[in-house]
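A.B. asks: Quick one: the structure is below, and I'll ask about it shortly.
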Amino acid sequence: MVDVAKLKEIARETVSRDDVKYLIGWRQGTFGFRAAPHFVNKPEDVDQLIFSPLCSHNLATYLTGVEKLPVPRGQEADSRKVALMVKGCDSRAVVLQLVEQGYGRDSVVVIGCPCQGVVDQKKVEAKYPDMGENITAEWGEKTIIFNLPSGKTEVPREEVLAGKCLTCRYPNPLLADAGAWEEVAVWGSDDYADVQDLEAGNPQERRAFWEDKFASCIRCYACRNVCPMCYCEDCILDRLNPQWITRAVNPTENTAFHLSRAFHLAGRCIECGECERVCPVDIPLMKLNRKLTKEVRENYDYEPGLDPEAKPLQASYRPNDKEDFIL
Amino acid sequence: MSAEYQPNIVAFLCNWCSYAGADLAGTSRTNYPSNLNVIRVMCSGRVNPLFVVNALQQGADGVLVSGCHPGDCHYMEGNFYARRRFGMMKELLEYVGVEPGRFNMSWVSASEGAKWKDVVGEVVDKAKEAGPFKQFRRDKINW
């Protein structure tokens, strides 16, 4: 459990440090069940920080977008650290970014927040359509408590939690510089039931399923932009020469886009579920990512983002890797 | 239709083993199906999984990636990386509904002209069974 008062104290201490540029956390959003990312530059801003079941954003994305402006001659670059609040899944993203050397370990301060699951906006908004402004939420014993305009409401967590949280195996941060809270109990286990459902069908069924989903894609690239692991400076989707995937929005190019996006996350997806959360047309992207996660876990005995010393999956091999598909 | 359907298969062959193996099959006057369009690459590890997607988009009914046997790679470990990469790519393609026979991978060494013949026969049979690929073929180039 996270003691929010203590969390704020640690945040205030961190922001006051000379070697910290700013802290990234969450604050209450302006409408409904929303939280918003909060950039704390001054110790006064710490009071707005929250940590509640509404904090679904994976803030590790921002670490890869930290601006490195050109420095005028004779001046030193700003080498101060960025502080970041992480849940369990977010910490895996930070670990993997460190594994891939996206930035150095000394350029980030990680504040761990053990998490008991975050809500799925779509589920709560369907459940409470007459939401008001600034609804806050908190964790109860196996429940989520919402402070609705009509009064406090307690619902079982299974009804409102995001899908990724129902199967979450790493609710406690795996990497943290600060944070001495009680660890929360792991209550999920993952049998990849959603992937197995689809695998059980024949290729025609799977094709029909995905053709239908991919056809609705509008190629907004929100899934790419929000993904903490999608941080190539030169993304193949933006590159014009060679142009692997044209910008036409049609089933052909959409399929190619989704295949390449999913494959770029093979052995790298840390299952934070952000792509699915931000998708404006509700494509079940995690179903695609989790297929590869499952393969990687079963065939290569590898889980990304657990060990800062591990080598990336696709940059390593074992002589006895799976070979049954080779003629 | 009187003429039998002939699939169009793109084969990425590694320069050191599979290409030489295919060459051996040719110089030994081995008879094997001519549905393959061979692209020579320096190593099977050079083949980007997007090549496969792109080939399928642009008119291939099947794709074959062939390299040296594990341990024989000219670059020591290129085919080990390729094996991991395409093991996952094959699963992903099948998961979105591409028939299992469309994407194949093989190890053929420079002395295995006879094996090359068998591999090509099997790949072509599988592609014939799967039929013309329509799932995400580009109908026309847009510009």
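A.B. asks: With the cut-off at 18 Å, report for the range A:250-311 the share of all Cα pairs above it, as a whole percent.
C.D. replies: 39
A.B. asks: With chain A treated as a Gaussian network of Cα nodes joined by springs under 10 Å, which of A:Asn225, A:Asn289, A:Asn202 yields the largest mean-square fluctuation?
C.D. replies: Answer for the Gaussian network model of chain A: A:Asn202.
A.B. asks: How much length is gained if the chain between A:Ala5 and A:Asp18 is pulled fully straight, taking 0.36 nm per residue apart and subtracting their Cα-Cα distance, in nm to one decimal?
C.D. replies: The A:Ala5-A:Asp18 span can extend by a further 2.4 nm.
A.B. asks: Still on this model: Would you kindly calculate the mean projected area, averaged across all directions, of the convex hull enclosing the Cα atoms of the range A:45-147, in square nanometres?
C.D. replies: With the hull built on Cα positions only, its mean projection is 9.3 nm².
A.B. asks: Counting each DSSP H run of 4 or more residues in chain B as -39500 (n - 2.57), what helix-only mean residue ellipticity at 222 nm follows after dividing by all residues, to the nearest 500 deg cm²/dmol? Please list the in-between numbers first.
C.D. replies: Numbers: 4 runs with 55 residues, N = 143.
So the calculated ellipticity at 222 nm is -12500 deg cm²/dmol.
A.B. asks: Please turn the phi angles of the range A:314-327 into ³J(HN,Hα) values with the Karplus equation 6.51 cos²θ - 1.76 cosθ + 1.60 (θ = phi - 60°), one per residue in order, whole Hz, x for glycine and proline.
C.D. replies: 7, 10, 9, 7, 10, x, 9, 4, 3, 9, 5, 8, 8, 5
A.B. asks: Right, another one. What percent of all Cα-Cα pairs in chain B falls into each 10 Å bin, going from 0 up to the bin containing the maximum distance?
C.D. replies: 12, 42, 34, 10, 1
A.B. asks: Let me ask something else. Give me the three principal axis extents of the range A:196-261 from the C-alpha atoms, as integers in angstrom, largest value leading.
C.D. replies: If we take the Cα atoms of the range A:196-261, the spans are 38, 25, 19 Å.
A.B. asks: For B:Lys126, list the lysines whose Cα falls under 30 Å from its own Cα; do not include residues on the same chain fewer than 8 positions away.
C.D. replies: Candidates past the 8-residue exclusion: A:Lys213, A:Lys287, A:Lys291, A:Lys294, A:Lys322, B:Lys90, B:Lys115, B:Lys117, B:Lys134, B:Lys140.
A.B. asks: Moving on to the next point. For the protein assembly as shown, would you read off the P(r) tail past 31 Å as a percentage of all alpha carbon pairs?
C.D. replies: It works out to 50 percent of all Cα pairs.
A.B. asks: Let me ask another. Check which residues have an amide H placed less than 5 Å from B:Arg138's amide H, if you skip close sequence neighbours.
C.D. replies: Amide H neighbours of B:Arg138, under 5 Å, 5+ apart: B:Gln58, B:Gly59.
A.B. asks: Related question: Would you list the P(r) distribution for the range A:193-315, with all Cα-Cα distances sorted into 5 Å bins from 0 and each bin expressed as a whole %?
C.D. replies: Percent of pairs per bin, in order: 2, 10, 19, 22, 21, 15, 8, 2, 0.
A.B. asks: I've got another one for you. Among all the lysines, which ones have a C-alpha under 29 Å from A:Lys42's C-alpha, if same-chain residues fewer than 8 places away are not counted?
C.D. replies: Of all the lysines, those that pass the test against A:Lys42 - Cα under 29 Å, at least 8 places apart if same chain - are A:Lys6, A:Lys8, A:Lys21, A:Lys68, A:Lys81, A:Lys87.
A.B. asks: Related question: Specify the inter-centroid distance of the range B:103-137 and the range A:40-78, based on alpha-carbon positions, in whole Å.
C.D. replies: Answer, in whole Å: 52.
A.B. asks: Then there is this: Per residue of A:319-326, what is the mean number of Cβ atoms on other protein chains within 10 angstrom of that residue's Cβ?
C.D. replies: Counting other chains' Cβ atoms within 10 Å and averaging over A:319-326 gives 6.
A.B. asks: Normalised by the residues of chain A, what does the relative contact order come to in percent, with Cα pairs under 8 Å and at least six apart?
C.D. replies: Reported as a whole number, the value is 18 percent.
A.B. asks: Could you work out the relative contact order of the range A:236-303, using alpha carbon pairs under 8 angstrom and six or more residues apart, expressed as a whole percent?
C.D. replies: Answer for the range A:236-303 is 24 percent.
A.B. asks: So, one more: Based on DSSP H runs of at least 4 residues, each adding -39500 (n - 2.57), what is the mean residue ellipticity at 222 nm of chain A after dividing by all its residues, to the nearest 500 deg cm²/dmol?
C.D. replies: It lands at -9000 deg cm²/dmol.
A.B. asks: Checking the cross-link filter: which aspartates and glutamates have an alpha carbon closer than 19 Å to that of B:Lys128, excluding same-chain neighbours under 8 positions apart?
C.D. replies: List returned: B:Glu4, B:Asp61, B:Glu94, B:Glu99, B:Asp118.
Read the figures in this text as sums done on the coordinates, not as results from a lab. Keep in mind the model is a prediction, meaning the values are calculated, not measured. Neighbour counts run over all protein chains shown; Cβ positions are idealised from the backbone, glycine included.
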